[in-house]
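For reference, the structure discussed in these notes is given below.
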Amino acid sequence: MQPVSVLVPTMRRPESLERALRSLFAQTAPMASIVVVDNDPAATARETVARLTPECPCPLIYGHEPRPGVATARNAGLSLTDAPLIAFLDDDEAASPGWLAALLTALDQTRTDVIFGPIAGRVPADTGWATPYLEAFFGRAGPTTTQRIDKPWGCGNSLMIRATALPGTAPFDASADQSGGEDDALFAALEARGGTFGWAADAWVDEFAPSHRATMRYALSRAFAYGQGPSQTAAKAGDWPGVARWMIVGAVQALVWGLAAIMVTIMAHPSRAHLMDRAARGLGKIFWMKGFEPRFYGARELARLDRVSPSAA
């Protein structure tokens, strides 16, 4: 099997980063390197990486990318390794010991360009009636067996063949730094080139949602942004009939699921969270234009962290 490097972008999450790195240290499959990209202008992850370096079973590479943005951070990480296989783990995730081995096995079995794995969502104990929805929202479910799949998932918990899935020196679109969706654009372009996707049923990671994200407001904002994806992808390709089609689909979804959400909310039924999610995704397909894009990452996240802990900057 070809060498694989694992990329972990991070921004001012020292405890979470340590949990992610220790889960990588326990992997049963060998790694060419682990690359941590510190996306905080103040370089606050440097100490954590330096402290953990003696415990790492492979080279632990630290990179500082001071321009906040998820796409920019991932591009910076790719510049620090020449490994032909690249795995991605987010800093709020922890991989099971057999995670990387399962991804590599699935890559060999499916002969695809990208492999994705399942995610178990973990939320704080005080999320109440919305807990099942939020756990599913921050998680990821797929087939129960390792196989090829038709459509891609998100970049977290994935393994990619660099030559085909990550072309050029900056394959992630930096215009998505603040809103996310850079992986959607990457995989849409790969699919257009005839790229293929696979699923590793045993490549489990846990994703730990922090309290400020484990809320209905945040989840519905993200659902709205996810809904924007198909319309935005069609617009970037100049497929205006496709944009119109997605907007019509979104209008139907927003109307049907929105009315259903109102009805079950009156009854305080737990399913209201899932119906609100579907309605939000429908609205995103309609309002996909610039000016309606929520901001979750980059400068927006840095500003939030400065408000919470000004001394960290």
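The values are calculated or read from the model by the stated rules, or taken from the named source; none is laboratory data. The structure presented is a predicted model; accordingly, all values stated were derived computationally and were not measured. Glycine also receives a Cβ, built like all others from the backbone with ideal geometry; neighbour counts cover every protein chain displayed. The protein model used for the area step is the full one, side chains on, heavy atoms only, and it has no ligands, DNA or RNA in it. Shrake-Rupley method; radii C 1.70, N 1.55, O 1.52, S 1.80 Å.
What is the P(r) of segment 1-121, as percent of Cα-Cα pairs per 10 Å bin from 0?
Each 10 Å bin holds this share of Cα pairs: 14, 48, 32, 6, 0.
Around Pro97, what is the net charge, scoring Lys/Arg as +1 and Asp/Glu as -1 over all other residues with Cβ under 13 Å from its Cβ?
Result for the neighbourhood of Pro97: -1.
At 222 nm, what helix-only mean residue ellipticity would the chain give, in deg cm²/dmol to the nearest 500, using -39500 (n - 2.57) for each DSSP H run of four or more?
Here the helix-only value at 222 nm equals -13500 deg cm²/dmol.
Would you please classify the overall shape of segment 213-288 from the alpha carbon gyration tensor, given that a ≥ b ≥ c denote the square roots of the eigenvalues, rounded means a/c under 1.5, and beyond that prolate means a/b larger than b/c while oblate covers the rest?
Judged from the Cα gyration tensor, segment 213-288 comes out oblate (a/c at least 1.5, b/c at or above a/b).
At R0 = 45 Å, how high is the FRET efficiency between Ser79 and Arg245 if r is their beta carbon distance? Nearest 0.05 is fine.
0.75
Once Lys and Arg get +1 and Asp and Glu get -1 on their Cβ, which of Ala268, Gly282, Ile248 lies farthest toward the positive end of the dipole of segment 242-301?
The listed residue farthest towards the positive side: Ile248.
At a probe radius of 1.4 Å, what is the per-residue accessible area of Ser33, in Å² to the nearest 10?
10
Per 20 Å bin from zero, what fraction in whole % of the C-alpha pairs of the chain is there, up to the bin with the longest pair?
So the P(r) values, bin by bin, are 31, 60, 8.
At a probe radius of 1.4 Å, what is the per-residue accessible area of Met1, in Å² to the nearest 10?
We get 150 Å² for Met1.
Excluding Arg162 itself, calculate the net charge of residues whose Cβ lies under 13 Å from the Cβ of Arg162, where each Lys or Arg counts +1 and each Asp or Glu counts -1.
That sum, taken over residues with Cβ under 13 Å, equals -1.
When DSSP assigns beta bridges and you keep just the ones with both residues in the chain, what percent turn out antiparallel, to the nearest 5?
Counting only bridges with both partners in the chain, antiparallel ones make up about 40 percent.
Can you classify segment 183-250 as rounded, prolate or oblate using the Cα gyration tensor, where a ≥ b ≥ c are the square roots of its eigenvalues, rounded means a/c under 1.5, and otherwise it's prolate if a/b beats b/c and oblate if not?
It is oblate, given that a/c is not under 1.5 and a/b is not larger than b/c.
Non-local amide H neighbours of Ile149 (under 5 Å, H modeled in plane, Pro and chain starts lacking H): which ones?
Those lying under 5 Å, H to H, from Ile149 are Phe197, Gly198, Trp199.
Calculate the spin-label point distance for Thr169 paired with Ser271, positioning each point 7 Å from the Cα along the beta-carbon direction, and give it in nanometres.
Roughly 5.4 nm, to one decimal.
Ranked from the most accessible area to the least, with a 1.4 Å probe and all protein chains present, what is the order of Glu191, Glu182?
Descending accessible area places them as Glu191, Glu182.
For segment 50-204, state what percent of all Cα-Cα pairs lands in each successive 5 Å bin, counting from 0 Å until the bin that includes the largest distance.
All Cα pairs, binned at 5 Å, distribute as 2, 9, 16, 20, 20, 17, 11, 5, 1, 0 percent.
Compute a Gaussian network model of the chain, connecting alpha carbons closer than 10 Å, and tell me which residue from Trp288, Trp240, Trp257 fluctuates the most.
Ranking Trp288, Trp240, Trp257 by mean-square fluctuation puts Trp240 first.
Would you mind classifying segment 63-152 by shape? Square roots of the alpha carbon gyration tensor eigenvalues, ordered a ≥ b ≥ c; an a/c under 1.5 is rounded, otherwise it is prolate if a/b is larger than b/c and oblate if not.
Because a/c hits 1.5 or more and a/b fails to exceed b/c, segment 63-152 counts as oblate.
Can you tell me the FRET efficiency between Arg19 and Arg111 if r is taken as the Cβ-Cβ distance and R0 is 51 Å, rounded to the nearest 0.05?
Efficiency, from the Cβ-Cβ distance: 0.95.
Under 5 Å between amide H atoms, partner at least 5 residues away or on a different chain: which partners does Ile61 have, H built in plane at 1.01 Å?
Ile34, Val35, Val36
Using a 1.4 Å probe over the heavy atoms of the protein chains, calculate the carbon and sulfur portion of the accessible area of the chain as a whole percent.
60
Which lysines, if any, have their Cα less than 21 Å from the Cα of Lys151, not counting same-chain residues under 8 positions apart?
By straight Cα distance, Lys151 reaches Lys236, Lys285.
Take the chain, connect every pair of alpha-carbon atoms lying under 10 Å apart with a spring to form a Gaussian network, then pick out the residue of Asp108, Asp40, Asp91 with the largest mean-square fluctuation.
Result: Asp108 has the largest fluctuation of those listed.
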